[in-house]
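Scroll down for the structure; my scribbles are underneath it.
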Amino acid sequence: MVQGTEDGIPLAAARLWATTIPGARLLPLERAAHFPWVERPELFFPAAETFLRGGWPDGARAGAVVRRPDKSR
């Protein structure tokens, strides 16, 4: 998830959302609001390209690790 740090949605809400999805990452973009691809294209598009190529952009923070129940017990 990419979230502008100046968006009307609190960054804490985006962090919470990112921790509920296994393997999720949050990339906060400074000096961006609701449209980071317009406001910070020099950061957004390289990050999107890295993600689409199978990597994690620099600065993307991992959410909580969610463990699945062990069904072998």
Residues within segment 19-60 that are within 17 Å of Asp7 (Cβ to Cβ), part of a helix (DSSP H, G or I) and either of a type in the set (Val, Ile, Thr) or at pLDDT below 90 (or both), tallied: 1
Long-range neighbours under 9 Å by Cβ, at least six apart or interchain, first residue loosely packed, with under 13 Cβ neighbours inside 10 Å within segment 1-24, second at pLDDT below 85 and charged (D, E, K, R): Pro22/Arg67; Pro22/Arg68
Of all residues making up segment 8-47, the number that are more than 14 Å from Ala62 (Cα to Cα) and in contact with a helix residue (DSSP H, G or I) (Cβ under 8 Å, 6 or more places away or on another chain): 9
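The values are calculated or read from the model by the stated rules, or taken from the named source; none is laboratory data. Just so it is clear, the model here is predicted, and its values are computed rather than measured. In this analysis, Cβ positions are derived from the backbone assuming ideal geometry, glycine residues included, and neighbour counts consider all displayed protein chains.
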